[in-house]
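Notes to accompany the following structure.
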Amino acid sequence: MNVFMLVLNFISKEILNVPAYLIGIVAAVGLIALKRNVGQVVSGALKAAMGYLILGAGATVVTAALAPFGELVLKSTGAHGVVPTNEVIVGQASSQFGSASAYIIVLSFVIMLLAARFTPLKYVFLTGHHMVFMSMMLAIVLSFGFGAKNQWLVVLLGSVLMGVIMVVMPSFAQPFMNRVTGSDKLSIGHFNTLGYIVSGAVGAAAGKKSKSTEDINFPKGLSFLRDSMVSTTLLMVILYLIFSVWGAIVLPAKTAFKIFASNPDNYGSFFMAAFAQALQFGIGVSIILYGVRIILGELVPAFQGIANKVVPGAKPALDIPIVFPYGANASLIGFLSSFVGGLVALGIIAVWLGPVWGVALILPGMVPHFFDGGGAGVFGNATGGRVGAIAGAFINGMLITFLPAALMTVMGSFGLSNSTFGDADFGWYGIAVGNLVHLGPVGGAISLFVFAVILFAAAWVWQVKVVNKGWLPGVKHAEFTEQVKAEEKAAKAAARAAKAAKNADAAQA
């Protein structure tokens with residue numbers, strides 16, 4: 001048993017917990033299925049893995065640049081409360097629930113592959129770190145409901161629940177993903193899928209005649225802002241400097257200087273340190289986009305082998321940065337709008353939900369708002385242009401504030417910790433599981449199994465009746481976009497004709 005446990009721990013922690021390895025293995029399997037030679041298999045697997053490592057390196061740079069910014073905002077505004085951070089809560093719970101989480105990861109991955117192989121839900125979830133987060137959340141919630149004596153039940157139901165959500169959520173989001181990418185080759189494998197679906201639906205409803213964020217016409221003097229790296233970095237420079245000035249005014253010098261570890265005797269050093277962090281943020285975003293391009297170039301062709309041989313018709317469900325290149329401006333707008341939504345939700349909790357219902361005060365975390373909000377902005381823009389990006393991401397920001405607050409009520413002693421899970425799917429799924437598990441080992445187990453079956457059946461029907469029939473959201477917006485493009489094309493043609501006629505008249509004269 002100990003050997004078996006060691007093997008499971010190795011697979012879950014050293015392979016499935018490292019998305020780059022998982023991506024590389026998938027690429028290698030796909031290339032082998034396509035009967036590529038050894039050199040092509042090795043090259044494709046390494047490039048796919050390195051692409052994900054590059055993406056991760058960019059995310060690390062972004063996270064490191066956002067951490068002091070978040071601290072600066074919180075200390076300058078005087079806010080106190082819980083900051084949703086998946087890595088923190090997983091670290092806190094790993095010693096107590098690590099074994100259950102390991103079993104859940106391995107068994108749920110097998111269940112997911114079987115579902116993809118033998119049902120219409122042909123999605124392979126490849127975002128390894130989110131698999132770790134979801135398995136830990138389920139282990140926590142189920143363990144507090146069933147108790148330490150029923151760990152076998154925790155692992156069994158946790159594996160089923162996780163295997164189900166890994167194929168169900170990509171299915172529900174697929175029409176929106178198809179609208180974003182313009183094809184059906186990719187799926188979203190990120191547990192903020194509810195936020196992306198809601199953002200896409202809001203965009204389709206509110207942005208029927210709204211131009212795309214990617215068609216913003218900057219004045220000639222501001223044409224440099226079309227470069228996403230420049231515009232992203234410039235915006236963060238402005239935000240950093242605004243809050244740096246605010247912090248320098250309201251905070252004691254020692255507190256302010258400590259945020260950036262700057263020279264305690266020089267305010268100039270403090271402001272330049274903030275400026276440097278803003279540049280680091282822009283660099284991180286650029287690294288992410290480069291990594292995404294490599295992954296798309298290597299993984300998607302290789303995945304055809306898996307789709308054709310191993311899991312016919314399967315699609316890779318990948319991390320949210322995969323959509324950022326489809327809306328560079330939208331991702332930035334979504335980040336800001338989501339953050340504002342989080343602030344509004346924070347105010348509602350502080351003024352009403354907290355005092356009346358005892359709801360935890362959830363502070364906006366820069367990292368979830370950047371990745372979740374940026375993704376929501378891309379989905380909202382795809383179905384509703386600028387209005388969709390702003391409104392959809394704003395509601396996403398409220399979701400990833402209210403849901404983590406409600407999730408803490410079903411997490412036992414971990415509901416009293418200084419962190420919680422930050423993405424929308426952890427929230428709604430954890431709340432549903434946490435409430436059902438309180439029915440007891442028998443009633444709770446039966447209820448959870450029925451819940452998983454209903455969710456799976458709903459996704460099955462959705463896949464067959466909606467996704468496979470090619471339905472796309474945001475039809476009105478797409479028609480409007482095509483009309484605008486046609487009008488712009490006609491206007492350019494008329495301008496060229498008028499110029500040619502003018503030149504001809506000048507030549508005759």
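The values are calculated or read from the model by the stated rules, or taken from the named source; none is laboratory data. These figures come from a predicted structure and were not determined experimentally. Glycine also receives a Cβ, built like all others from the backbone with ideal geometry; neighbour counts cover every protein chain displayed. Only protein heavy atoms, including side chains, enter the accessible area calculation; ligands, DNA and RNA are left aside. Shrake-Rupley method; radii C 1.70, N 1.55, O 1.52, S 1.80 Å.
Quick notes on this structure:
- So ALA20, is it at pLDDT 80 or above and out of contact with any strand residue (DSSP E or B) (no Cβ under 8 Å at 6 or more places or on another chain): no
- Screening PHE172, PHE191, PHE176 for residues that are over 25 Å from LEU114 (Cβ atoms) and within 16 Å of the chain's Cα centre (by Cα) leaves exactly one candidate, PHE176.
- Residue under evaluation GLU487, criteria (1) under 30 Å from the mean Cα position of the chain (by Cα); (2) open to solvent by 60 Å² or more (accessible area, probe 1.4 Å), criterion not met: (1)
- Any hit, region 91-99, residues being in contact with a Gly (Cβ under 9 Å, 6 or more places away or on another chain) and aliphatic (A, V, I, L, M): no
- One residue stands out among those in region 101-120 that are buried (at least 23 other Cβ atoms within 10 Å of the Cβ) and aliphatic (A, V, I, L, M): the one that is farthest from LEU53 (Cα to Cα), which is ALA115.
- Checked against the criterion of being modelled with pLDDT under 85, out of contact with any helix residue (DSSP H, G or I) (no Cβ under 7 Å at 6 or more places or on another chain) and of a type in the set (A, V, I, L, M, F, W, C), region 434-445 has no qualifying residue.
- Only helices (runs of 4 or more DSSP H) whose full extent lies in region 158-266 are considered here, and the ones with at least 3 residues that are more than 20 Å from PHE324 (Cα to Cα) and at pLDDT 85 or above are 228-250.
- Screening region 427-470 for residues that are of a type in the set (S, T, N, Q) and assigned to a helix (DSSP H, G or I) and picking the one that is farthest from the chain's Cα centre (by Cα) gives SER447.
- Tabulated pairs, region 454-468, first open to solvent by 40 Å² or more (accessible area, probe 1.4 Å), second assigned to a helix (DSSP H, G or I) and not hydrophobic (A, V, I, L, M, F, W, C), C-beta under 7 angstrom, 6+ apart or interchain: TRP462/SER171
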